[in-house]
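Visitor: Handing you this structure, nothing more for now.
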Amino acid sequence: MLPHKGYKILAGKHLSKGSYSIESIRLEDALPVMKWRNAQLHALRQKEPLTETSQRIYFETVVSPQLSLARPEQILVRFAYEKKLIGYGGLVHIDWNHRRAEVSFLLETERADNSDQYETDFTNFLALLKELSFTHLNFHKITTESFSHRKKHVEIIENCGFKRDGVLRDQVKVEGCWVDAVICSCLKSECNKEDMA
């Protein structure tokens with residue numbers, strides 16, 4: 001079970017920007033997240049659809065044990081608009097020694113299918129995640145890996161101050177076609193307060 005207090009390292013932190021907010025993931029978020037992941041396999045590294053059982057086991061055996069750690073391997077956050085869950089994401093593959101992590105993000109499917117809505121939501125999520133990463137966790141760097149067929153997604157990342165580090169050619173097969181992975185990063189030193197929430 002996921003205690004409502006969430007990650008110890010976040011100490012109940014709730015960050016907001018206008019009507020948008022992020023805070024620790026909750027157990028009740030597991031099923032909506034599963035539905036969104038299954039509907040958007042083309043955007044994820046996930047190969048097979050999740051089941052309610054596999055999702056429950058993941059939250060109980062992977063997410064929950066991380067909550068009490070001083071240095072968790074990942075920090076998952078719920079993304080809300082006017083207090084309603086609309087997505088989730090966070091920081092994964094955290095390297096505490098080098099103060100870096102990879103950004104994770106997934107939006108509710110209907111909102112994700114609307115290009116303008118996706119841009120607004122994702123831009124606000126990245127601003128909140130930068131604040132969490134650089135102001136509260138004192139990370140040095142956050143990175144993204146995006147599939148090249150998601151051109152709008154990559155464009156938003158770069159418009160939000162991430163610099164393109166390179167391209168991994170033919171990195172994954174999506175719906176039978178090889179696609180590149182675009183690697184971007186943002187350094188704490190490159191962020192000013194206007195970039196964050």
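Visitor: Conditions: (1) in contact with a strand residue (DSSP E or B) (Cβ under 7 Å, 6 or more places away or on another chain); (2) closer than 28 Å to PHE59 by Cβ; (3) assigned to a helix (DSSP H, G or I); (4) of a type in the set (Val, Ile, Thr). THR135 meets all but one. Number of the miss?
Guide: (1)
Visitor: Hey, any hits in the range 92-99 for a residue that's at positive phi and not hydrophobic (A, V, I, L, M, F, W, C)?
Guide: Yes.
Visitor: Would you confirm whether any residue within the range 76-99 is buried (at least 20 other Cβ atoms within 10 Å of the Cβ), of a type in the set (Phe, Trp, Tyr) and closer than 16 Å to GLY6 by Cα?
Guide: yes
Visitor: Could you check the range 142-190 and list, in sequence order, the residues that are closer than 17 Å to LEU91 by Cα and either modelled with pLDDT under 90 or of a type in the set (S, T, N, Q) (or both)?
Guide: THR143, THR144, SER146, SER185
Visitor: Which condition from (1) within 14 Å of the chain's Cα centre (by Cα); (2) in a strand (DSSP E or B) is the one that TRP36 breaks?
Guide: So the condition that TRP36 fails would be (2).
Visitor: Inside the range 157-178, can you point out the residues that are touching a residue at least 24 places away in the same chain (Cβ under 8 Å) and closer than 24 Å to SER189 by Cβ?
Guide: Answer for the range 157-178, where residues must be touching a residue at least 24 places away in the same chain (Cβ under 8 Å) and closer than 24 Å to SER189 by Cβ: ILE157, GLU158, ASN159, CYS160, GLY161, PHE162, LYS163.
Visitor: For the range 138-185, give me each residue that is crowded, with 17+ Cβ neighbours inside 10 Å, in contact with a Lys or Arg (Cβ under 9 Å, 6 or more places away or on another chain) and in a loop (DSSP other than H, G, I, E, B).
Guide: If the condition is that a residue be crowded, with 17+ Cβ neighbours inside 10 Å, in contact with a Lys or Arg (Cβ under 9 Å, 6 or more places away or on another chain) and in a loop (DSSP other than H, G, I, E, B), then PHE139, CYS160, GLY161 are the ones that fit.
Each row is one residue, and each column tells you yes or no for (1) closer than 15 Å to THR143 by Cα; (2) under 13 Å from the mean Cα position of the chain (by Cα).
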{"site": "GLU48", "(1), (2)": "no, no"}
{"site": "GLU52", "(1), (2)": "no, no"}
{"site": "ILE57", "(1), (2)": "no, no"}
{"site": "VAL62", "(1), (2)": "no, no"}
{"site": "ILE75", "(1), (2)": "yes, yes"}
{"site": "ARG100", "(1), (2)": "yes, no"}
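The values are calculated or read from the model by the stated rules, or taken from the named source; none is laboratory data. As the structure is a prediction and not an experimental result, all values here were calculated from the model. Positions of Cβ are backbone-derived with ideal geometry, glycine not excepted, and every protein chain shown enters the neighbour counts.
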